1. Once Rh for the range 4-263 is found with the Kirkwood sum over Cα pairs, what is the Stokes-Einstein diffusion coefficient at 20 °C and 1.002 mPa s, in µm²/s?
2. How many lysine pairs does the range 4-263 hold where the Cα atoms are under 19 Å apart and the two sit 8 or more places apart or on different chains?
3. Note down the magnitude of the dipole of the chain about its Cα centre, charges +1 on Lys and Arg C-beta and -1 on Asp and Glu C-beta and zero elsewhere, to the nearest 20 debye.
4. Antiparallel DSSP bridges in the range 4-263: what percent, to the nearest 5?
5. Where Lys and Arg each count +1 and Asp and Glu each count -1, what net charge lies around GLN163 among other residues with Cβ under 13 Å from its Cβ?
6. Sort VAL186, VAL44, VAL128, VAL137 so that the residue with the fewest other Cβ atoms within 10 Å of its own Cβ comes first and the one with the most comes last.
7. What ranking do SER246, SER57, SER38 get, fewest neighbouring Cβ atoms within 10 angstrom at the top?
8. Neighbour counts of other C-beta atoms within 10 Å: give me TYR106, TYR164 arranged from fewest to most.
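Read the figures in this text as sums done on the coordinates, not as results from a lab. On a predicted model such as this, the values are computed, not experimentally measured, just so you know. Note that each Cβ is placed from the backbone with ideal geometry, even for glycine, and that neighbours are counted across all protein chains shown.
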Amino acid sequence: MKSTQETTNFAAAMNITSQSCIRPAIFDDVPNIVAAQSTRHGGVSHAPWNTLNLGKSTDDNPSHVQENRRIFCRQLGYDPEQMAWSKQVHEDRIRIVDSPGGSEGYDALVTNVPRILLAVSIADCTPVLICDPVKRVIAAVHAGWKGTVAGLAAKTLRKMHEQYGTSFADCRVFIGACIDECSFEVGNEVAVQFDDPFKRYDPDIGKYMVDLKKANAHQCLALGVPATRIEISPFSTCIHHEHFFSHRYGKGVTGRGLCVIALNG
């Protein structure tokens with residue numbers, strides 16, 4: 001684990017010490033796309049949800065969460081009512097979205113409808129945002145370790161191809177801040193489900209360490225998304241817990257961030 005000073009210096013260098021969201025650079029050359037991953041800065045919630053907790057499933061004051069969502073969405077030019085989301089269940093179901101609003105049982109959302117803000121909730125799991133700038137299709141994926149093992153990122157890309165004719169080579173992908181390999185220790189029952197390139201055994205602690213970012217990036221590469229069109233966040237929700245919510249670091253008592261994407265037109 002990095003020291004507090006190392007974490008602070010890294011965050012300062014990356015200019016997120018007070019920002020409420022990070023904008024992926026991979027979509028910069030795509031017209032009329034908005035995408036962001038929230039940090040924990042700039043909201044109204046009190047500890048342990050301080051300050052920009054966007055998670056409705058926490059024990060935070062609901063009015064604070066509502067105001068935080070307004071703050072976050074406003075920066076992107078949206079209202080919370082324009083958001084599409086699902087109660088996530090760590091499985092591999094994909095929802096085709098044609099209107100804003102909530103649902104249940106989906107861990108990936110796909111749409112070609114403008115002005116809908118696709119959102120997945122994050123507190124260590126891997127967020128994956130996908131954009132096909134040719135067919136004008138976008139997706140937001142919540143890939144915990146179970147979703148990663150199930151190949152949810154790859155299945156979402158295939159759904160985009162089946163539903164809208166997406167070519168994988170055209171896609172741009174952002175793999176956001178999540179728990180990093182150096183913090184994600186797992187038992188044998190989890191490790192056995194990952195291929196060797198995505199895990200390593202640490203003899204000092206007697207457990208495996210799993211790299212969720214690498215595993216999700218590999219799914220996209222294997223389908224033909226060019227490596228130059230995949231951006232992987234340098235941040236770890238656990239190491240950089242001062243700037244992101246981490247379920248593991250907070251021992252289950254923490255807020256939630258959002259990773260979002262929308263077609264502006």
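1. Taking Rh from Cα pairs, D becomes 118 µm²/s.
2. Total qualifying Lys-Lys pairs in the range 4-263 comes to 18.
3. The calculated dipole for the chain is roughly 440 debye.
4. 75 percent
5. +3
6. VAL186, VAL44, VAL137, VAL128
7. The fewest-first ordering by Cβ neighbours comes to SER57, SER246, SER38.
8. Fewest to most other Cβ atoms nearby, the residues stand as TYR164, TYR106.
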